[in-house]
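First the structure, in the form of structure tokens, and then the observations on it.
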Amino acid sequence: MSARACARTRSARMSGLRKALTSTPPLWWSLLYFFCLLCGYYVLRPVRDAMGASADAATVFPHAWIDWARGHGWELKDFVLQVLFTCTFVAMLALQPVYGALVARFPRRALLPMVYGVFILCLFGFHWAFHAQLPGRGMVFFVWTAIFNLFAVTVFWSYMADVFDDRQARRVYGYIGAGGTAGAVLGPMLTQWLVQPLGVANLLLVSAAFLSVCVLCVVRLRPWAIARERAQGLVSGEGAMGGSVWAGLRLVWQRPALRAMAITLFFSVGAATLLYNQQSAIAREFYPSAEAATRYFARIDSAVNLLAILTQLLLTRWLLNRYGVAPALLMPGLILLLGFAALMASPLPMMVAVVQVLQRSSEFALSKPARETLYTRMDRPSRYKGKAVIDTAVFRGTDLAFVWIHKAVALLGTQAVFAAGALAAAGMTAGAWSIVRAQRGLPGATDSVPSIEPNPRGAA
């Protein structure tokens, strides 16, 4: 490509960015919303990861659990992640019907603030627990943080599908994702800067402040969601959705696009879990203290998010608009397949970190926006119920399965783990292709990108 053609391409991309930022008012509130949500989460994530990598069971589990395990001939410190992921899955299964009942019975204007309000109250509770040094706080916090991440982000993208249609989503989701990634970059930095002077407990209040801004953004975006639903004759989200609390499971089983997404997520999360367990093993060996492990994980998070934001700003929007969802869905699996092949040939600790960065950044910058774009072409039960099952129960069920698979495969050596990861990456790529085929049966995108101005009367 000539220098002049490259300059025209860069100019077109910058023009697209300026157009998106000036012609779509809800984009600003969506950017702020996702920025604060991921910033608040990534303040917490290094603390959670340090708990998962801890070799000191007494800082993670209740003393009664440690004594029970020891009395039965095994040490909890050798199964920290396995037990934590099992508890997370059980908690997720228990909460799934609770979330389904809330979605069925409460309108959007009450549901979303309620979800974030509960998370904020939990953070105040954990602030007290960490100050009081309560036994078992590490286990409860690890499980809660995993649940918070999935439910809070799922609710965000479901809401975005209420606000934007398919063509608007392809135009702005890359930028919204970049706003979230900017928050994800700042979050670990705040943790690195503040963990020493404030302590772990007070970091939780910083996260609560960011979530409070998310509630404001939910309220401010509501008029655009109402306007889009009225303009396109969609079912209003201002009324309760109704239906069974288990409707999401039936939707995932019955609808090809949702089923393909569930299969893809199974292999994607499986590959990522194998990689995450290797990373935790490295941290346990080289970073034995909680502070050192927290800084290590914060550096990994920073690298992931810096690469993701560059991809979102320079590549995601262009791919989605020019070629649709197929390249963005297929590329992460192929990248991960090559990464695991490299690790099988050269299983160095630094290479594990590099592949981890590539895997997570491509998931955030490419796979996630592409999948979320497709939800704008689905009905509200698919967006709020089916999507929640995929993003929570399927996600954590896969976590649970592969954390134990890793424990078994690791007995055969490091290269066996990476070989299993390569198989999962191949399954992820095949699943992504099934999404590409299934999405052809969804309602098509509109030919134009209509303006959606808020209707003050409709927002009342």
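One table, with the values for the structure above:
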{"item": "Net lengthening on full extension, Asn202/Arg230 (0.36 nm per residue, minus Cα-Cα)", "result": "5.7 nm"}
{"item": "Cα gyration tensor shape of region 118-182, rounded if a/c is under 1.5, else prolate or oblate by comparing a/b with b/c", "result": "prolate"}
{"item": "Contour excess over end-to-end distance, with Cα ends at Asp67 and Met350 and 0.36 nm allotted per residue", "result": "98.2 nm"}
{"item": "Distance (nanometres) between label positions extended 7 Å along Cα→Cβ at His131 and Trp74", "result": "3.8 nm"}
{"item": "Surface per residue (accessible, 1.4 Å probe) for region 356-410, Å²", "result": "23 Å²"}
{"item": "Debye log10 I(q)/I(0) for region 79-154, one point scatterer per Cα, at q = 0.17 Å⁻¹", "result": "-0.74"}
{"item": "Rounded to whole Å, sorted largest first: equivalent-ellipsoid semi-axes of region 123-227, Cα gyration tensor", "result": "32, 15, 12"}
{"item": "Nitroxide proxy distance, nm - points 7 Å out along Cα→Cβ at Arg250 and Ala91", "result": "3.0 nm"}
{"item": "Relative frequency of Cα-Cα separations exceeding 17 Å in region 312-390, percent", "result": "55 percent"}
{"item": "With 10 Å bins from 0: P(r) over region 27-170, alpha-carbon pairs, percent", "result": "10, 34, 31, 17, 7, 1"}
{"item": "Theoretical FRET efficiency, 1/(1+(r/R0)^6), r = Cβ-Cβ of Asp379 and Ala110, R0 25 Å, to 0.05", "result": "0.75"}
{"item": "Ordering of 70-76, 309-315, 36-42 by packing [mean C-beta count within 10 Å, highest first]", "result": "36-42, 309-315, 70-76"}
{"item": "Radius of gyration and Dmax over the Cα atoms of region 353-445, both given in Å", "result": "15.9, 49"}
{"item": "Burial order of peptide ranges 141-150, 114-123 (average beta-carbon count within 10 Å, highest first)", "result": "141-150, 114-123"}
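The values are calculated or read from the model by the stated rules, or taken from the named source; none is laboratory data. None of the values given here were measured: they were computed from a predicted structure. When we count neighbours, we look across all protein chains shown, and the Cβ atoms used for this are built from the backbone with ideal geometry, even at glycine. With ligands, DNA and RNA removed, areas are computed over all heavy atoms of the protein, side chains included. Shrake-Rupley method; radii C 1.70, N 1.55, O 1.52, S 1.80 Å.
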